[in-house]
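S.K.: Handing you this structure, nothing more for now.
Every number in this text was worked out from the coordinates using simple rules, so none of it is lab data. Predicted, not measured: the structure shown is a model, and the values here were computed from it. Methodologically, a virtual Cβ is constructed for each residue, glycine included, from the backbone with ideal geometry; neighbour enumeration extends over all protein chains shown.
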Amino acid sequence: MTPRLACSGLTGGRGSSIVFRDLDLDLEAGRVLTLLGPNGAGKTTLLLTLAGLLPSKAGTVSIDGVALHGGRPNAASKAGIVLVPDDRCLFTTLTVEQNLEVASQRGGPSPKDMIATFPALEKRWKVSAGALSGGEQQMLVMARALIQQPKVLLVDEMSMGLAPLVVEQLFSTVREIATDHEAAIVLVEQHVNLALEVADEAIVLNRGTIVLHDEAEALRGDSRIEQAYFGDVDAADEAAVPS
């Protein structure tokens, strides 16, 4: 089966600096990959590279077997890659409905269709995005991404600054989007335990290199996660890709 998202030898950075190097990963439709690691490991830079907002230094990115040209966000978007950034980037003076209308596509779901996945937005439909709570804003950001019918959804620090109950609801929604909409999801997250609960597989990125890769279920409560964060994973565990 051709993976929905495939990276081979991917190297990227900012300016002249290399932030991550020689990354290989495959992700099938309907699966969630959580990307873990300490601050500065290269997680956000990797998402920006996959979304075409930063050019790759080397390697390839493919969607459904079709290679993308790095550094072209329009091409990545047309291929079905949608990025949910950590700063939300909403049109704060527009209503919930209007924010979704801006992102909707001809022949695709309507703004009202998003209520099935995000019912809490219905009562805030005519409220400006700037007047929403942090959790409501994050729901709107996720709804805006979903209305674009992503093949690959890249989610950067979705839980930042949110209450635990809201975070749990959002993680449940991530799982629903993967399962019901067959999106391949790459989730960057600092809430390790919650991320491992919703993910199918996990990668720990440290100093720009994949130091651990395994099924999420196998890593729940596993000391290898902590060791990988601190760079102490044994060579035998490095890049242990799930079969």
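S.K.: What percent do you get for the relative contact order of the chain when only Cα pairs under 8 Å and 6+ apart count?
M.R.: Once divided by the residue count of the chain, the mean separation gives 24 percent.
S.K.: Then there is this: Taking only Cα atoms of the range 17-152, what ratio of Rg to Rh do you get with Rh as the Kirkwood inverse-distance radius?
M.R.: Computed over Cα atoms, the ratio is 1.00.
S.K.: Now for a different question. Run the helix sum for the chain: -39,500 (n - 2.57) per DSSP H stretch of 4+ residues, divided by residue count, reported at 222 nm to the nearest 500 deg cm²/dmol. Present the calculation step by step, with values, prior to reporting the outcome.
M.R.: Working: 8 runs with 72 residues, N = 243.
Taken over the chain, the calculation gives -8500 deg cm²/dmol.
S.K.: Suppose every Lys and Arg Cβ carries +1 and every Asp and Glu Cβ carries -1, with no other charges. What dipole size does the range 22-181 come out with about its Cα centre, to the nearest 20 debye?
M.R.: Roughly 420 debye for the range 22-181.
S.K.: Which of the three applies to the range 110-158, rounded, prolate or oblate, going by the alpha-carbon gyration tensor with a ≥ b ≥ c and a/c under 1.5 meaning rounded?
M.R.: Oblate shape, in that a/c is at least 1.5 and b/c is the bigger or equal ratio.
S.K.: Could you please report the charge total around SER104, scoring K, R as +1 and D, E as -1 over all other residues with beta-carbon less than 13 angstrom from its beta-carbon?
M.R.: 0
S.K.: Could you please report the charge total around GLY13, scoring K, R as +1 and D, E as -1 over all other residues with beta-carbon less than 15 angstrom from its beta-carbon?
M.R.: My count for the surroundings of GLY13 gives +4.
S.K.: For Cα extents along the principal axes in Å, one of (i) 65, 48, 39; (ii) 55, 38, 36; (iii) 53, 40, 32 was computed from the structure I shared and the rest are decoys. Which label?
M.R.: Step by step, Cα extents along the principal axes in Å for this structure corresponds to label (ii).
S.K.: Gap in Å between the Cα centre of the range 1-55 and the Cα centre of the range 141-169?
M.R.: So the two Cα centres are separated by 18 Å.
S.K.: Could you tell me whether the range 144-208 comes out rounded, prolate or oblate from its Cα gyration tensor? Rule is a ≥ b ≥ c as square roots of the eigenvalues, rounded for a/c under 1.5, then prolate if a/b exceeds b/c, otherwise oblate. Please report the intermediate quantities before stating the final value.
M.R.: Working: a/c = 1.62, a/b = 1.18, b/c = 1.38.
Verdict is oblate for the range 144-208.
S.K.: Short version: ³J(HN,Hα) in whole Hz for each residue of the range 91-98, in order, from phi by Karplus 6.51 cos²θ - 1.76 cosθ + 1.60 (θ = phi - 60°), x for Gly and Pro, what are they?
M.R.: Karplus values, whole Hz, x for Gly and Pro: 7, 5, 8, 8, 6, 3, 4, 5.
S.K.: Related question: With axes computed from alpha carbons, what is the tilt in degrees of helix 164-181 against the longest principal axis of the chain, rounded to the nearest 10 within 0 to 90?
M.R.: 80
S.K.: Let me ask you something else. Within 10 Å, count the other beta carbons around each residue, average over each peptide in 197-205, 178-186, and list them highest first.
M.R.: Packing order, densest peptide first, comes out as 197-205, 178-186.
S.K.: How would you rank 42-50, 155-163, highest first, on the average number of other Cβ atoms within 10 Å across their residues?
M.R.: So the peptides 42-50, 155-163, ranked by packing, come out 42-50, 155-163.
S.K.: Please give the per residue volume of the convex hull enclosing the alpha carbon atoms of the range 1-83, rounded to a whole number of Å³. List each step's numbers first, then the result.
M.R.: Details: hull volume 7.3 nm³, N = 83.
Cα-based convex hull of the range 1-83, divided per residue, equals 87 Å³.
S.K.: Of the beta bridges DSSP finds with both residues in the chain, what % are antiparallel, to the nearest 5?
M.R.: Restricted to the chain, the bridges split so that about 55 percent are antiparallel.
S.K.: Any chance you could give the angle, 0 to 90 degrees and rounded to 10, that helix 134-146 forms with the longest Cα principal axis of the chain?
M.R.: 80
S.K.: Sorted by packing (mean other beta-carbon atoms within 10 Å per residue), highest first, where do 99-111, 54-66 land?
M.R.: 54-66, 99-111
S.K.: A further question on this structure: Mind putting a number on the dipole of the range 90-147 about its Cα centre? Charges go on the C-beta only, +1 for Lys and Arg and -1 for Asp and Glu, and I need it in Debye to the nearest 20. Before the final figure, lay out the partial values.
M.R.: Working: 6 positive and 5 negative charges, 9 e Å.
Dipole about the Cα centre, nearest 20: 40 debye.
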